[in-house]
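Asker: Would you mind keeping the following structure in view while I ask a few things?
The values are calculated or read from the model by the stated rules, or taken from the named source; none is laboratory data. Worth saying up front: this structure is predicted, and the values here are computed from it rather than measured. Backbone-built Cβ (ideal geometry, glycine too); neighbour counts: all protein chains shown. Calculation scope for accessible area: heavy atoms of the full protein, side chains included, ligands and nucleic acids excluded. Shrake-Rupley method; radii C 1.70, N 1.55, O 1.52, S 1.80 Å.
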Amino acid sequence: MKRNYPLIAAALTLVFAIASCGNKSRQAAAGDAAAGGTLPASVVVPAFNADSAYRYVKEQVDFGPRVPNTAAHRACGDYLIGKLKQFGAQVHVQEADLVAYDNTILKARNIIGAYRPDSRRRVLLCAHWDSRPYADAERGKKQQKQPILGANDGASGVGVLLEIARLIQQQAPAIGVDIVFFDAEDYGIPSFYRGPYKADTWCLGSQYWARVPHVQGYNARFGILLDMVGGRGATFYRERFSQRTAPAEVKKIWEAAHRLGFGSFFPQEDGTEVTDDHVYVYNLAHIPCVDIINYDPQSDTGFGDFWHTHDDDLNVIDPATLNAVGRTVMEVVYNEK
């Protein structure tokens, strides 16, 4: 997916205060109701359908590797544009020629679906839709230069967001939502490359979008980036760049996950820091953005054994993981006012 910064020892902090505060709030609300008051109306969040999200993952993988400049990439991009239009979004397509680490010109498309585009109260939801042109984490050198399917690394985040788009069409939240599918995220320098080092070779689509947004002067309260969110047994530790630049939003998301019973997926512990689209959304567009990304502290890479290998196919995708992430994101978005 992207380069992993040096691992930092995870902090094992159990957040008892969250549960305590929640209990006190519920007790206070119950007391108000008993005294003749009324309980605050709860927000009805549409039911996330994990099977539907899984189907969208499969439909992307069925195109094959979605590597820029390939027929599969073009066909999948058209599919994503069509799905967002089907789900009632105002669709913007950014076409750009982006320069890869080896000076290859990538015919890239950022695909954006806007809901309530006139609202100034907005949240950004994003994922990358391209897949890695190299299986450079494979042990066999012959396989390293072959593209991967990227069922988890790319398609899973897009699948969750397509299901969210379908539900927004049926029941809109109180705020505007922009769903952005970034292109050319995974075309960064491969491990076997021996040429001169170049900075910022990952996340080319989000770099372009952050400099040239789809709407002039675009802004959002915060963003949520979904990356590798479908793997069986995945855990989403608090990514450290997100912690530094969007601490309130991290807290909001992880509390929502625990409130919904997904604490095993979202441990209240810090993971590592990664180069991902959220870095450029923050550094260039100045929008705090939280990266929900699988982190495996027992793995050499931090991302699991199938990361950047040919094993990243549909066999690693678990609807239970898609459900935990999708429901958590929906809980946060629909409770924004």
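Asker: Give a quick list of trypsin sites (Lys or Arg not before Pro) in region 129-223 that DSSP marks as loop, anything other than H, G, I, E or B, with at most 13 other Cβ atoms within 10 Å.
Answerer: Within region 129-223, the qualifying trypsin sites (Lys or Arg not before Pro) (loop, at most 13 other Cβ atoms within 10 Å) are ARG139, LYS145, ARG194.
Asker: I've got another one for you. Is the shape of region 291-337 best called rounded, prolate or oblate, per the rule: a/c under 1.5 gives rounded, else a/b larger than b/c gives prolate, else oblate, with a ≥ b ≥ c the square roots of the Cα gyration tensor eigenvalues?
Answerer: Prolate, since a/c reaches 1.5 and a/b exceeds b/c.
Asker: Compute the acute angle (0 to 90°) between the alpha-carbon long axis of helix 16-34 and the principal axis of greatest extent of the alpha-carbon atoms of the chain; round to the nearest 10°.
Answerer: Computed tilt is about 40 degrees.
Asker: A further question follows. Could you work out how far apart the two model spin labels at VAL212 and GLN171 are, taking each label as a point 7 Å from the Cα in the direction of the beta carbon, and quote it in nm?
Answerer: In this crude spin-label approximation the distance works out to 4.0 nm.
Asker: Please list, in chain and number order, the residues 5+ apart from THR235 or on another chain whose amide H is under 5 Å from its amide H, with Hs placed from the backbone.
Answerer: Residues meeting the amide H criterion: TYR295.
Asker: So, in Å, what gap is there between the alpha-carbon centers of region 274-293 and region 147-205?
Answerer: Answer, in whole Å: 12.
Asker: Taking the chain as the reference, fit the longest principal axis to its C-alpha atoms, fit the long axis of helix 247-259 to the helix C-alpha atoms, and give the angle between the two in degrees, 0 to 90, nearest 10.
Answerer: Between the helix axis and the principal axis of the chain, the angle is about 70 degrees.
Asker: Something else: Label ARG139 and ALA75 with points 7 Å out from Cα along Cα→Cβ: what is the distance between them in nm?
Answerer: 3.3
Asker: Sticking with this one: Quick one: length gained pulling ALA199 to ALA47 fully straight, 0.36 nm per residue minus the C-alpha distance?
Answerer: Going from the current span to full extension adds 50.5 nm.
Asker: Over the chain, calculate the relative contact order: mean separation of alpha carbon pairs under 8 Å at least 6 apart, over the residue count, as a percent.
Answerer: Relative contact order, the chain: 25 percent.
Asker: Moving to a separate point now. Assuming a ≥ b ≥ c are the square roots of the Cα gyration tensor eigenvalues, decide whether region 245-337 counts as rounded (a/c under 1.5), prolate (otherwise, with a/b larger than b/c) or oblate.
Answerer: Details: a/c = 1.78, a/b = 1.23, b/c = 1.45.
It is oblate, given that a/c is not under 1.5 and a/b is not larger than b/c.
Asker: What list of ³J(HN,Hα) couplings, whole Hz, do you get for region 98-106 from phi and the Karplus terms 6.51, -1.76, 1.60, once you set θ to phi - 60° and write x for glycine and proline?
Answerer: 10, 9, 7, 4, 9, 6, 5, 8, 9
Asker: How far apart, in nm, are the 7 Å Cα→Cβ label points at ASP118 and GLN90?
Answerer: 0.9
Asker: Additional query: What are the aspartates and glutamates whose alpha-carbon lies under 12 Å from the alpha-carbon of LYS145, with same-chain residues fewer than 8 places away excluded?
Answerer: Output for LYS145: ASP136.
Asker: Once a ≥ b ≥ c are taken as the square roots of the eigenvalues of the Cα gyration tensor of the chain, is the result rounded (a/c under 1.5), prolate (a/b larger than b/c) or oblate (a/b not larger than b/c)?
Answerer: Prolate shape, in that a/c is at least 1.5 and a/b is the bigger ratio.
Asker: Given the C-alpha centroids of region 212-254 and region 88-114, what is the distance between them in whole angstrom?
Answerer: The two parts, judged by their Cα centres, are 21 Å apart.
Asker: For region 261-273, what does the Karplus curve 6.51 cos²θ - 1.76 cosθ + 1.60, with θ = phi - 60°, yield as ³J(HN,Hα) per residue in whole Hz, taken in order and with x for Gly and Pro?
Answerer: x, 9, x, 5, 7, 10, x, 7, 9, 7, x, 10, 10
Asker: Another one. Nearest 10 degrees is fine. How inclined is helix 71-86 to the longest principal axis of the chain, computing both from alpha carbons?
Answerer: Helix 71-86 sits roughly 20 degrees off the main axis of the chain.
Asker: Excluding ligands, DNA and RNA, what is the solvent-accessible area per residue of region 104-150 at a probe of 1.4 Å, expressed in Å²?
Answerer: Per residue, region 104-150 has an accessible area of 47 Å².
Asker: Something else: Need the list of lysines near LYS251 for cross-linking: C-alpha distance under 29 angstrom, and skip anything on the same chain fewer than eight residues off.
Answerer: Output for LYS251: LYS2, LYS24, LYS337.
Asker: Still on this structure: Pairs LYS83/LYS198; LYS107/LYS141; LYS58/LYS142; LYS107/LYS142; LYS142/LYS198; LYS85/LYS107: which exceed 30 Å Cα-Cα?
Answerer: Check vs 30 Å cut-off fails for LYS83/LYS198.
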